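The values are calculated or read from the model by the stated rules, or taken from the named source; none is laboratory data. Computed from a prediction, not measured in an experiment: that's the story for all the values here. Cβ placement follows ideal geometry from the backbone for every residue including glycine, while neighbour counts extend to all protein chains displayed. Calculation scope for accessible area: heavy atoms of the full protein, side chains included, ligands and nucleic acids excluded. Shrake-Rupley method; radii C 1.70, N 1.55, O 1.52, S 1.80 Å.
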Amino acid sequence: MPRRLVILGSTGSIGTQALEVISASNGELVPVALSAASDWEGLIRQAIAYGVRRIALADADAAARASEAWTDGEVVSGPDWPIELIAGSDCEIVLNAIVGSAGLLATVATLGEGIHLALANKESLVVGGELVRQLAEATGATIIPVDSEHSALHQLLAAERPGSVEQLVLTASGGPFRGRRRAELVDVTVAQALAHPTWSMGGKITIDSATLMNKGLEVIEAHHLFGTAYDQIEVIVHPQSIVHALVRLCDGASLAHLGYPDMRVPISYALHHPDRVDVPVGALDLAALGALTFEPPDTDTFACLRLAREAGRTGGTAPCTLNAANEVAVHAFLQDRLGFLGIAAVIEETLDRLPAGDLHSFESLIEADAEARAVAAELVARRAAAA
Ligand code: NDP
Ligand code: MG
């Protein structure tokens, strides 16, 4: 039976690779709805190429243009577009490949409908944490991670009894600035930060990889996905990005997941789960690689990893505040309004200014997100004025 999929963020890096995985599935995976923020022309091209009749655009102007230009199907828009798109598409799986906390509503809409979620949008788990997990438990919907490290852990943990796992280890490439000290990061440019050594990804996550915030978000993501205490989640820098994650077991054995860095592998795993299908990646050639190296992360230089761990441990609205401040700061960095080291500084000050509150409801998250964005934007503006 073909599997009906909704692909959210289909015009992005993960979204387009997901469509490649779908093309290679010989009709086993069928996209029934697609979404983007504003790239309405790209979205319509995808809808035509894949025979999709429902699309959504988060941006109202883009949605209006799409409705004029495309009459072969329905264009969904408005603030509740994820609910309308997901609930009305009769699908088995939603791939959430939206970037940022804008993806939270889609995660909630999917799980609330009891639909399985292939989750690339780590921010929704970072921000929504316990609430997202409780919602999945209540409706019986499963979350299959797309993030490569968490996909690796999902596979490694499948064979283990919970009591036998002592530690999860996430690997980090270290990004383009691995090995540099703080003083060497003062003047780095956007182009340098976007030049990731091993992975080709969207702009926001590429900057998150350069600051190590990506790994910090992933520690929080792992905590919620696998119910693992923060003390039991370690990060190790591994520049070749071949080992994606490890689990340490109680009997002294450690299991690792290896493969070339290619997101089509975890995307395929999530969309076909529990089946595995062929993905056109080369067989791992360890002799050609020669050496795999590992080193501890430098959390003095890359403070974002430390800040994320602290926010995760604090819990409540702290991870939401951290994430919102990071989104504002990264956006400002990409627009040359904030220096590279300013990213961590803005996040830290935002967290200092906004003490963590309890997480009662998704509404409290939306408030915390807005409040943190306002504070972070003010801090960015102040630093720009002082520069
Ligand atoms: P991209 O920036 O390449 O794509 C983002 C997608 O989301 C686009 O389709 C974009 O539409 C859409 N979008 C952006 N903002 C909004 C919004 N406010 N509302 C609705 N849709 C929106 O991102 P990536 O594909 O790199 O990343 C997507 C997610 O996957 C992120 O959470 C990232 O952390 C995670 N991830 C990505 C990896 C990668 O290799 N890229 C690896 C692991 C995780 P438009 O084109 O119109 O702007
Ligand atoms: Mg990752």
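Couple of notes before you dig in:
- Full extension of the chain between Arg180 and Ser254 yields a length gain of 23.6 nm, computed as 0.36 nm times the residue separation minus the alpha carbon distance.
- Inter-part distance where region 199-221 and region 39-75 are each reduced to a Cα centre, Å: 29
- Backbone amide hydrogens, once placed in the peptide plane, bring Cys91 within less than 5 Å of nothing, excluding anything fewer than 5 places away on its chain.
- Region 149-198: GluC sites (Glu not before Pro) in DSSP coil with no more than 15 other Cβ atoms inside 10 Å: Glu160
- Estimated 222 nm signal from helices in the chain, with DSSP H stretches of n ≥ 4 weighted -39500 (n - 2.57), rounded to 500: -14500 deg cm²/dmol
- Here the calculated FRET efficiency for Phe294 and Glu74, from their Cβ-Cβ distance with R0 = 35 Å, stands at 0.10, rounded to the nearest 0.05.
- Charge tally for Glu149 (other residues, Cβ to Cβ under 11 Å; Lys, Arg +1; Asp, Glu -1): -1.
- Taking all protein chains into account, the per residue accessible area for region 218-346 stands at 41 Å² (1.4 Å probe).
- Computed over the alpha carbons of region 3-145, Rg followed by Dmax gives 14.0, 42 Å.
- Measuring r between the beta carbons of Ala387 and Thr314 and using R0 = 35 Å, the FRET efficiency lands at 0.70.
- Take the Cα radius of gyration of region 96-141 and divide it by 2.2 N^0.38 Å, N being the number of residues; the result is 0.98.
- Net charge over other residues, Cβ less than 13 angstrom from the Cβ of Glu349 (K, R count +1; D, E count -1): 0
- Extending 7 Å from Cα along the Cβ direction at Asp231 and again at Ala87 yields two label points whose distance is 4.4 nm.
- Taking the Cα centre of the chain as reference, the dipole from Cβ charges on Lys and Arg (+1) and Asp and Glu (-1) amounts to some 580 debye.
- Dipole magnitude for region 3-145: computed about the Cα centre from +1 point charges on Lys and Arg Cβ and -1 point charges on Asp and Glu Cβ, it is near 260 debye.
- Fully extending the segment from Ala24 to Asp352, taken as 0.36 nm per residue of separation minus the present Cα-Cα distance, adds 113.2 nm.
- Overall, the accessible surface of region 3-145 at a probe of 1.4 angstrom is composed of carbon and sulfur to the extent of 49 percent.
- Annotation for Ser361 and Asp61: the two label points, set 7 Å from Cα along the Cα-Cβ direction, are 3.4 nm apart.
- Nonlocal amide H pairs with Gln167, under 5 Å, H built at 1.01 Å: Arg248
- Antiparallel DSSP beta bridges within the chain, percent to nearest 5: 30
- Seen from a random direction on average, the alpha-carbon convex hull of region 230-387 projects onto 13.5 square nanometres.
- Sequence-separation-based contact order of region 3-145, relative, with Cα cut under 8 Å and 6+ spacing, percent: 21
- For Thr142, residues with placed amide H under 5 Å, excluding near neighbours: His116, Leu117
- Note on Ala374 and Asp285: with the Förster distance fixed at 56 Å, the Cβ-Cβ geometry gives a FRET efficiency of about 0.65.
- Largest GNM mean-square fluctuation among Ala158, Ala18, Ala318, using the chain with Cα springs under 10 Å: Ala158.
- Convex hull volume of region 65-120 per residue (C-alpha atoms, cubic angstrom): 93
- Total charge dipole magnitude, region 227-349, about the Cα centre, Cβ charges on Lys, Arg, Asp, Glu only, Debye to nearest 20: 180
- The translational diffusion coefficient of the chain, from Stokes-Einstein at 37 °C and 0.692 mPa s with a Kirkwood hydrodynamic radius over alpha carbon pairs, comes to 154 µm²/s.
- Cα centroid separation, region 350-387 to region 234-253 (Å): 34
- Candidates per trypsin sites (Lys or Arg not before Pro) in region 348-383, loop by DSSP, up to 10 other Cβ within 10 Å: none
- Positive-end residue of Leu379, Val126, Ala62, charge dipole of the chain with Cβ unit charges: Leu379
- Normalised size of region 105-186, defined as Cα radius of gyration per 2.2 N^0.38 Å with N residues, equals 1.41.
- Each Lys or Arg adds one and each Asp or Glu subtracts one; over the other residues with Cβ under 14 Å from the Cβ of Glu221, this totals -2.
- Karplus (6.51, -1.76, 1.60) ³J(HN,Hα), θ = phi - 60°, over region 285-300, in Hz, Gly and Pro reported as x: 10, 5, 5, 5, 5, x, 9, 10, 10, 9, 8, x, x, 9, 7, 6
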